[in-house]
1. Does the stretch B:118-176 hold any residues that are more than 25 Å from B:GLN54 (Cβ to Cβ), touching a residue at least 12 places away in the same chain (Cβ under 8 Å) and within 14 Å of chain A (Cβ to nearest Cβ), and which are they?
2. Out of the helices (runs of 4 or more DSSP H) lying entirely within the stretch A:1-107, which hold 3 or more residues that are among the aliphatic types (A, V, I, L, M)?
3. Just one of (1) of a type outside the set (Phe, Trp, Tyr); (2) within 26 Å of A:ALA194 (Cβ to Cβ); (3) at pLDDT 95 or above trips up A:ASP71, so point out which.
4. Within the stretch A:171-183, is even one residue crowded, with 19+ Cβ neighbours inside 10 Å, modelled with pLDDT of 95 or more and within 30 Å of A:ASN298 (Cβ to Cβ)?
5. When you scan the stretch A:198-207, do you find a residue that is over 30 Å from B:ALA40 (Cα atoms) and at pLDDT 95 or above, even just one?
6. Restricting to the stretch B:38-97, and then to whatever is of a type in the set (D, E, K, R) and under 11 Å from the mean Cα position of the chain (by Cα), can you tell me which residue is nearest to the other protein chains (Cβ to nearest Cβ)?
7. In the stretch B:132-168, how many residues are within 15 Å of B:HIS90 (Cα to Cα) and of a type in the set (Asp, Glu)?
8. Give me the residue from the stretch A:180-196 that is within 14 Å of another protein chain (Cβ to nearest Cβ) and out of contact with any helix residue (DSSP H, G or I) (no Cβ under 6 Å at 6 or more places or on another chain) and, out of that set, nearest to A:ASP81 (Cα to Cα).
Amino acid sequence: MSEPILSRNFGVPGSHRLATSIERGGWRTFRKALAMPPEQVVDEVKKSGLRGRGGAGFPTGMKWGFLPKTDKLIYLCVNADESEPGTFKDRYILDLDPHLLIEGIVITCWAIKSSDCFVYIRGEYEASRRILQAAIDEAYAAGCLGPNVDGKGWRLDVTVHKGAGAYICGEETGLLESLEGKRGYPRIKPPFPAVVGLFGCPTIVNNVETIASVPWILEHGGEAYAAIGVGKSTGTKLWCASGHVAKPGLHELPLGAPFSELLQRCGGMRDAARPLKAVIPGGSSVPVLTAAEAMAVNLDYESLAAAGTMLGSAGLIVIEAGTDMVRVLAVLTRFYADESCGQCTPCREGTSWVNDILWRLVEGTASPRDLDLVQGLCDNMLGKTICVLADAMVLPVRSFLKKFQPEFEAAMARSRANVAAATHA
Amino acid sequence: MTSQTPESGTVAHGTAADGAAHRLSPAAIATLERLAPRYANREALLLPALWLVQDAYGWISEAAMQHVAEVVGVSPVRVLSVVTFYHMYHEHPPGRYNVQVCHNLSCSLLGAEDLLERLQARFGVGVNTPTPDGRFMIQRVECLGACEHAPVCQVNEDFVFDLTPAKLEAHLDQLP
């Protein structure tokens, strides 16, 4: 592969320290960026084709371009609320190369003309928060942050804001509400945060990995970044592999690499007697792939979409033969039932109903019409809520029911048999 | 703006009755006031203020919520609505060691349910209930973002990776 962009310092001792970062070529590019007009920095990122790494895959430069001309404050909010099941990539950046993120923040704030950045970090990442805060303190002491960044007469403050356990705060408007001291209820859009965001001001919300990609783009140029990857899926990506692989872990690959290559890097399946059965490729919120589909797919936005799923947060959950997919789906949907914020009725009720029915199937106590009821509930959730949490449960549910239909029918048959046995007892 | 969080395991949790006296300390108030200029209004100090309370006492009593409401200038019911929304804020005294076992997909595929059953058998309590000596509480939690080390748990703020029943038991046995 091409040189690693995000993980190049991960194995280096003391990689979280400023001195190590500088020794390894960090904190060099921000001076180049600060010597450029902000618009030109935005242009480089547009040219790079960088897309948001939090899950939506929206072009980053275009997002920045939506900021209106304004006299108001502009905020950058870095989304470090990594909570999508199967995803752990941002934790590596926060723990092992926080200065890459902070340098990306400096360049991004310069580009979008912001002097106020918040990093919203999930409460469970307390160890990572301490590492990040120590790195920010170092950057302040070195004059890379503060009232006069690098003597340029430009102020930049970075504040770490700690969440308190709520998946929904990773949704960008839920994040803004939480930062404002409220329940993390997502907002109706439009207006989008770029126009009305934090404290009513224009706000850019970007994922940790997105911002950490920015220094390389400015150092080497947008075109060099766009030359990596395939088509509209440019650059490299951190892939999180977990589940039944021999060596679960994090791998940086250029977008477009085959899934089979990633599986090989993970040492293949953990048990040779249990071949691959299924892969959830983008965190639990995306449709599942069968083994055959996964082994044929390349890991980029377009190829995964063509295969009927999504790249999402690149959290690949690998499932071996012999796994009960009814139970897998029950566990998967429990998360959405737990994490629905409760604001929209279809989601608040639907996630719990679907989850309850799936556990009834697991336990053999389902009613004959329960599978139809799941389909009906899904129809009443998809696209009918303020944010996409409901959709994020519906899409995997439908894909499981379709691709592993015989297992769900067998579970239903067990329930019927139990009812019959109880009736005739 | 350095961390005000004490090292885990050092917090004296006390009992529900102690909660009536819970207040932000002068040092905690000073920390909040240092943060205040970063935010456009005081309401936004609510989550940081609640963390300062929980870091000091291990949980957030009703009296502490009323105190926080005064400090950040919102109604007590607003504070309550926020405390009850976020999973990590405790409205009741938890165990001295909060054993938070992830039960999400990657951990579940590799044995999380077995761990949870064994923990409940060991302590003789269900989830979210402190042991009678107040030492442990078991919680089921959602994805902790460490799936490459599944199954995982956090004991207070510290991850314990690549769990087996024996490894978890040994970890709990050596806690001070």
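The values are calculated or read from the model by the stated rules, or taken from the named source; none is laboratory data. Not measured: the values here are computed from a predicted model. We place every Cβ from the backbone using ideal geometry, glycine too, and count neighbours over all the protein chains shown.
1. Once the filter is applied, which keeps residues that are more than 25 Å from B:GLN54 (Cβ to Cβ), touching a residue at least 12 places away in the same chain (Cβ under 8 Å) and within 14 Å of chain A (Cβ to nearest Cβ), the stretch B:118-176 yields B:CYS147, B:HIS149, B:ALA150, B:PRO151, B:ASP162, B:LEU163.
2. Hits in the stretch A:1-107: A:18-23, A:38-48, A:89-96.
3. (3)
4. For the stretch A:171-183, residues crowded, with 19+ Cβ neighbours inside 10 Å, modelled with pLDDT of 95 or more and within 30 Å of A:ASN298 (Cβ to Cβ): present.
5. no
6. Here is the first cut: in the stretch B:38-97, the residues of a type in the set (D, E, K, R) are B:38, B:42-43, B:55, B:62, B:70, B:78, B:91, B:96.
Retained after the next criterion (residues that are under 11 Å from the mean Cα position of the chain (by Cα)): B:55, B:91, B:96.
On the way: B:ASP55: 10, B:GLU91: 12, B:ARG96: 17 Å.
Here the answer is B:ASP55.
7. 1
8. In this case the residue turns out to be A:LYS182.
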